[in-house]
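Notes for the one structure printed next.
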Amino acid sequence: MSHRPPSPLTAISAALLAMSRHLEMRDVLKTIVASARELLDAEYAALGVPDDHGGFAQFVVDGVSDEQWKAIGPLPRQHGILAAMLHEAKPQRLADVRQDPRFEGWPDAHPDMSDFLGLPIQDGDETIGALFLANKRCPRPAGGCGFTQEDEELLGILAQHAAIALTNARLYERSRELTIAEERSRLAHELHDAVSQKLFSLRLTAQAAAALVDRDPVRAKGELQQVAALAGEAVDELRAAVVELRPAALDEDGLVATLRTQIQVLDRAHSARVTFESAGVRALPAAQEEAMLRVSQEALHNALRHSGARRVTVTLAREASATVLRITDDGRGFDTHAIRRAGRHLGLVSMRHRAGGVGGRLTVDSEPGKGTTVQMEVPCG
Ligand SMILES: Nc1ncnc2c1ncn2[C@@H]1O[C@H](COP(=O)(O)OP(=O)(O)OP(=O)(O)O)[C@@H](O)[C@H]1O
Ligand SMILES: [Mg+2]
């Protein structure tokens, strides 16, 4: 049985299917270039995606070995015939590219090319790439057959689908970047909530130890032990934030005991009196306990850092059909509307986010001169 080349229709359909299998930009480009070269039986094929600085953001070739590619040197710039394809957005079909007045020569290691077919890849009015082929293989060694009108039409179909594939690949990459951005913001919140507060307390305790070391070495020693404990907790929190673990203490001791210990630590580390009371609270779903802990940490941190309060009280209680956490300080208070508009701060946003994330609600009640109450409520299941 004699081997017959596939019909153009079969070949182009295979090429289009191959293109649609890939999502990553570079794989899409490679498939387009390889398909074009095979479909039109050319020695070389390339696809360039221009950047805004006269170069190419992506440049993919087929028919050139890796060694040859390296030897050619830096990527081409947008000049000569490449530039014409991109800027005039017109096909270029040439019997001998070297004879063209726009030809500007190529690097030493560049393969020699004669017949040339290039098409812009367009998305609406925008030229998003150029697809081109060189040296059509001829059935007879006499050579000089060159690319035909039919070749140009076939490549035109490929270029149109390449536009769709490229646009999809761009969208895919954009959505992946967004996912990364979301992950980065989660981590920023996590680090902010867990770690920066610990480090803040740690710094205060270290300062207290330094102030005491000459006068009262015994108390200084106690403070230093506190420094070590806080540093250890910061390390644990950091690890948990990075791998998205719950604070280990919650699993071991539950919310009430964890809050009690942490509040005792804060009470010792700060000059304000910090107290905790709880009433009638049963264990909550893990995610709710974690959210409650994070919210109380941030609210406490804000009270200790911003309010100048003498007293900060935390209460956790079962009320009607909800569990309610309240952090109240007798400090200077603030204008909640102005802060919301300013929008630079992570803490309040993060607290709201955490409460909402477990089906709860956060309210901040504050006024300059009147102290602050942060309240988080989660409905009982
Ligand atoms: N309990 C409070 N008493 C007085 N002012 C407060 C209190 N809580 C928050 N604020 C004010 O609201 C602002 C926003 O708080 P938020 O926690 O969102 O950000 P931040 O604490 O400044 O920074 P971070 O992003 O590190 O938390 C604070 O800068 C402070 O001016
Ligand atoms: Mg804060």
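Throughout, read-outs are computed from the coordinates displayed, never taken from laboratory work. Nothing here was measured: the structure is a model prediction, and the numbers come from that model. Here Cβ is always computed from backbone atoms with ideal geometry, including for glycine, and neighbour counts include all displayed protein chains.
Dimensions of the chain from C-alpha coordinates, computed as largest minus smallest value along each principal axis and given longest first, are 99, 53, 46 Å.
Using a simple charge model, +1 on the beta-carbon of Lys and Arg, -1 on the beta-carbon of Asp and Glu, nothing else, what dipole does the chain show about its Cα centre, in debye to the nearest 20? Walk me through the intermediate numbers first.
On the way: 44 positive and 52 negative charges, 333 e Å.
In total the dipole reaches around 1600 debye.
Seen against the Cα atoms of the chain and their longest principal axis, helix 286-302 is set at about 70 degrees. What do you get for the angle between helix 149-190 and the principal long axis of the chain? Use alpha-carbon atoms, 0 to 90 degrees, nearest ten. Helix 149-190 and the main axis of the chain meet at about 10 degrees. In units of the compact-protein estimate 2.2 N^0.38 Å, the stretch 36-148 shows a Cα radius of gyration of 1.04. Bridging of LYS198 to lysines at a Cα separation below 20 Å is possible for LYS221, once same-chain residues fewer than 8 apart are set aside.
When only DSSP loop residues count, what trypsin sites (Lys or Arg not before Pro) in the stretch 318-381 have their Cβ near at most 12 other Cβ atoms within 10 Å? Could the numbers behind the result be given before it?
Working: sites: ARG318, ARG326, ARG332, ARG340, ARG341, ARG344, ARG352, ARG354, ARG361, LYS370; in loops: ARG332, ARG344, LYS370.
Counting only loop positions with at most 12 other Cβ atoms within 10 Å, the trypsin sites (Lys or Arg not before Pro) in the stretch 318-381 are ARG344.
The stretch 328-362 and the stretch 116-135 have Cα centres spaced 53 Å apart.
Across the stretch 275-282, coupling constants 3J(HN,Hα) worked out from phi with the 6.51/-1.76/1.60 Karplus curve, θ = phi - 60°, read 10, 9, 9, 9, 8, x, 8, 9 Hz, and Gly and Pro carry x.
The Cα center of the stretch 55-94 and the Cα center of the stretch 292-313 differ in position by 61 Å. The Rg/Rh ratio of the stretch 189-283, with Rg taken over Cα atoms and Rh as the Kirkwood radius over Cα pairs, comes to 1.02.
For a 4.7 Å threshold on C-beta separation, the list of partnerless cysteines in the chain reads CYS380.
Among the lysines, which fall within straight-line cross-link reach of LYS70, defined as a Cα-Cα distance under 21 Å, with same-chain neighbours fewer than 8 residues apart omitted? By straight Cα distance, LYS70 reaches LYS30.
Helix 217-243 and the long axis of the chain differ in direction by around 30°, with both axes built from C-alpha atoms.
In a DSSP loop and with at most 12 other Cβ atoms within 10 Å, the GluC sites (Glu not before Pro) in the stretch 198-276 are GLU244.
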